[in-house]
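Worksheet for the structure shown next.
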Amino acid sequence: MDINYDKTIGKKIREIRIAKKLTQEELSAKLQVNGCDLTRSALAKIEVGQRHIYIDELKTIVKVLEIKYKELIL
């Protein structure tokens, strides 16, 4: 696990979530409706780089936030 990768992706998710005026709770609910069982607490840990993000979670986050993968890494 690359902690710098996790922190970078988490920070970008947080920035995009805030730009879209979503709370962690709202994003978590949208993810759950789309089949990704990610709690608000787990999302918070991802955003600060304390928890690894799995590819299926990343896939759903990209879908729900309506972004492209490259927006998370650039």
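Only residues that are of a type in the set (Ser, Thr, Tyr) and either without any contact (Cβ under 8 Å) to a residue 60 or more places away in the chain or in contact with a strand residue (DSSP E or B) (Cβ under 8 Å, 6 or more places away or on another chain) (or both) were counted across the stretch 1-22, and they come to 1. Give the number of residues within the stretch 7-22 that are part of a loop (DSSP other than H, G, I, E, B) and open to solvent by 70 Å² or more (accessible area, probe 1.4 Å). Number of matching residues: 2.
Here is the figure for the stretch 23-44: residues that are without any contact (Cβ under 8 Å) to a residue 24 or more places away in the chain, in contact with a helix residue (DSSP H, G or I) (Cβ under 9 Å, 6 or more places away or on another chain) and open to solvent by 20 Å² or more (accessible area, probe 1.4 Å) total 11.
What number of residues in the stretch 55-74 are within 13 Å of Gly10 (Cβ to Cβ) and out of contact with any Leu (no Cβ under 8 Å at 6 or more places or on another chain)? Spell out the reasoning first.
Step one: filter the stretch 55-74 for residues within 13 Å of Gly10 (Cβ to Cβ), giving 57-58, 61, 72-73.
Narrowing further to those that are out of contact with any Leu (no Cβ under 8 Å at 6 or more places or on another chain): 73.
So the count comes out to 1.
Scanning the stretch 25-41 for residues that are in a helix (DSSP H, G or I) and under 19 Å from Asp56 (Cβ atoms) returns Leu27, Ser28, Ala29, Lys30, Leu31, Gln32, Val33, Arg40, Ser41.
Could you identify the single residue in Lys59, Lys63, Lys68 that is at pLDDT 95 or above, under 10 Å from the mean Cα position of the chain (by Cα), of a type outside the set (Asp, Glu) and exposed (fewer than 15 other Cβ atoms within 10 Å of the Cβ)?
Values: Lys63 fails: under 10 Å from the mean Cα position of the chain (by Cα); Lys68 fails: under 10 Å from the mean Cα position of the chain (by Cα).
The match here is Lys59.
Any residue in the stretch 51-60 that is in contact (Cβ under 8 Å) with a residue 24 or more places away in the chain, over 20 Å from Asn4 (Cα atoms) and part of a helix (DSSP H, G or I)? Yes - at least one qualifying residue is present in the stretch 51-60.
The values are calculated or read from the model by the stated rules, or taken from the named source; none is laboratory data. Just so it is clear, the model here is predicted, and its values are computed rather than measured. A quick note on method: Cβ atoms are made from the backbone with ideal geometry, for glycine too, and the neighbour counts reach across all protein chains shown. These accessible areas exclude ligands, DNA and RNA; they are computed on the full protein's heavy atoms, side chains included. Shrake-Rupley method; radii C 1.70, N 1.55, O 1.52, S 1.80 Å.
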